[in-house]
Amino acid sequence: MAKVKFYTGESFPLEMHKVRIIQKLNLIPVEERGKAITEAGNNTFLLQNRDVFMDMLTDSGVNAMSDRQVAAMMYADDSYAGSETFTRLEKSMKNFFGCKYFLPAHQGRACEHILSQIFVKKGYVVPTNYHFTTAKALITVNGGVVEELIIKEGLKIKSDLPFKGNIDIEQLNEVIKKYGPDKVAYVRMEAGTNLVGGQPFSLENYTETSKVCRANNIPLVLDASLLADNLYFNKKREAACKDMTLHEIVLKFAELSDIIYFSARKLGFGRGGGICTNSHEHFLKMRELIPLYEGFLTYGGMSVREMEAIAVGLDETLDEDMISQGPIFIDYMVKELDKLGIPVITPPGGLGCHVDAMSFLDHVPQNQYPAGALGSAYYIASGIRGMERGTLSEQRDEDGKEYYSNMELLRLALPRRVFTLSQVNYAIDRLVWLYENRRLVEGLRFYEEPKILRFFYGRLEPVSDWQSKLIAKFRQDFGESL
Ligand SMILES: *Cc1c(COP(=O)(O)O)cnc(C)c1O
């Protein structure tokens, strides 16, 4: 047979949708990019979107909606209490997770806030496969501690293990023994482990985790924000899931969980969040906090339009064609970069492509935030904004000492169904240029450092004039072009 490349996701990705609405992008010249990143305090969160060419900061609330989602937004029922929209969302939620109770919240961290208020007390522990920034901050603010028990291989940059997001069951048993089951607030499992490269866990590992939790009478909490990617990988990489439908896999995860929460800025391709459970007792406790912090029980801080979009988005999450675009584009980007010798996390996960800044910039010490520096340099080189996921995204301990992250990553998120293949090729190309010129890049230091979640709005400056050198080199190599 002739060498045909036409098949989904294996030699090059094929989108199972067409684009019907577009937004114009700006690519400003490199000198202006230099000015923009200085004004933003070298923090990509503080860039203005008009100065950004491809926004690869996050996949949160920026995924492309389907025509059916946008249409559903038009028939939202505006009312404070008892809206038809809520009834529809509740129904689709209960159907999706097969659960009895659903509580709405304005986004993922709002669910985390409610969970930690109810379950976490001083001296309590939350074992987890890996933490997420807001989840950890909300647990520690209530006096709890987080124990990260991801399998060893999960923290290795290069691997071909299909489920690097698995929790180490032996360590989980040890931590429960060490603190005593009464001091374990809950076990938190994060689907599509965000901070270590969007890596999934297997259904098998989740089943084991659930057994341990049930034997010790500890609630198992599933953070399902990135469940769509995790599901895709269960189906593709786990023999036991091969013949299951996506919905059967979801229902299995749900059956093994006591509480499920999620950010609908990711799951459901909308903007909002929610908590599901089958336990009447948990439901009653958590329900008390919804009107207090979120809004009335039939909207929880979400707009009715978004709620309609989420209901449809959830439904579409069970269609492999609708959720495959993210993973297959990421697969392409990671494999291309890997072939070119650029250090990226493998195997390809969900969420985005994660560049290993510790190796990319092995001459920049961790206290000068290599991943932050790489983010600045990459924006200068390309107009693309990524997000630092490393030491900068941690916070200092009580004595003001840096907490060095296990990994120093520049995350290039791929908002689902947003970018074309040529844009992804551009992103690859500029990263290759930067890699060739990586010795020009040096570190950053804070000049404004907030105590909590400093990565969101802290400001930094380069430790030398390396950025002007990088801009000069760009001009030399690219001539007149942007
Ligand atoms: C984004 C995210 C959250 C927080 O959700 P928000 O809607 O941004 O508050 C929690 N957990 C995971 C895994 C996430 O990716």
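Some notes on this structure:
- Modelled spin labels at residue 445 and residue 122, positioned 7 Å past Cα toward Cβ, are 3.7 nm from each other.
- Each helix, a run of at least 4 DSSP H residues, gives -39500 (n - 2.57); summed and divided by the residues of the chain, these come to -12000 deg cm²/dmol at 222 nm.
- Placing a label point 7 Å from the Cα of residue 32 along the Cα-to-Cβ direction, the residues of segment 443-482 with a backbone N closer than 16 Å are 480-482.
- FRET efficiency, residue 25 to residue 217 (Cβ-Cβ, R0 45 Å, nearest 0.05): 0.25
- Ranked by the mean number of other Cβ atoms within 10 Å of their residues, highest first, the peptides 421-432, 350-361 come out as 350-361, 421-432.
- Applying 0.36 nm per residue to the separation of residue 39 and residue 74 and subtracting their alpha-carbon distance, the gain on full extension is 8.7 nm.
- Beta bridges per DSSP, both residues in the chain: antiparallel share near 60 percent.
- Listed peptides 270-281, 318-329, 405-416 appear in the order 405-416, 270-281, 318-329 once ranked by packing, highest mean of other Cβ atoms within 10 Å at the front.
- If R0 is 22 Å, the Cβ-Cβ spacing of residue 362 and residue 472 corresponds to a FRET efficiency of close to 0.40.
- Remark: relative contact order (segment 67-319) = 30 percent; criterion is Cα-Cα distance under 8 angstrom and separation of 6 or more residues.
- Nearby lysines by direct alpha-carbon distance to residue 91 (threshold 27 angstrom, same-chain neighbours under 8 apart not counted): 100, 235, 252, 266, 285
- Relative contact order (%) - criterion: Cα under 8 Å, at least six apart; region: the chain: 22 percent
- Positive-end ranking of 273, 234, 221 along the dipole of segment 197-327, with charges on Cβ about the Cα centre, is headed by 221.
- Whether segment 11-53 is rounded, prolate or oblate, judged on the alpha carbon gyration tensor where a/c under 1.5 counts as rounded: prolate
- Separation of alpha-carbon centers, segment 246-291 and segment 37-87, rounded to whole Å: 21 Å
- Fully extended contour minus Cα-Cα distance, from residue 335 to residue 293, at 0.36 nm per residue: 10.7 nm
- Across the cross-link table entries 136/451; 18/242; 158/401, which are compared at the Cα atoms, the separations over 18 Å belong to 18/242; 158/401.
- One chain, two ends: residue 239 and residue 141. Fully extended at 0.36 nm per residue, the span grows by 31.2 nm beyond their Cα-Cα distance.
- The protection proxy used here, the mean number of other Cβ atoms lying within 10 Å of each residue, ranks peptides 35-42, 112-119 as follows, highest first: 112-119, 35-42.
- Cross-link partners of residue 473 among lysines (Cα-Cα below 19 Å; sequence separation of 8 or more within a chain): 35
- Cα gyration tensor category, rounded, prolate or oblate, for segment 67-319 with a/c compared to 1.5: oblate
- About its Cα centre, the dipole of segment 67-319 is roughly 540 debye, where the only charges are +1 on Lys and Arg Cβ and -1 on Asp and Glu Cβ.
- Think of it this way: in the chain, 111, 213, 241, 353 stand alone, with no other Cys Cβ under 4.7 Å.
FYI, it's all coordinate maths here, none of it is from the lab. This is a predicted model, so every value here is computed, not measured. Methodologically, a virtual Cβ is constructed for each residue, glycine included, from the backbone with ideal geometry; neighbour enumeration extends over all protein chains shown.
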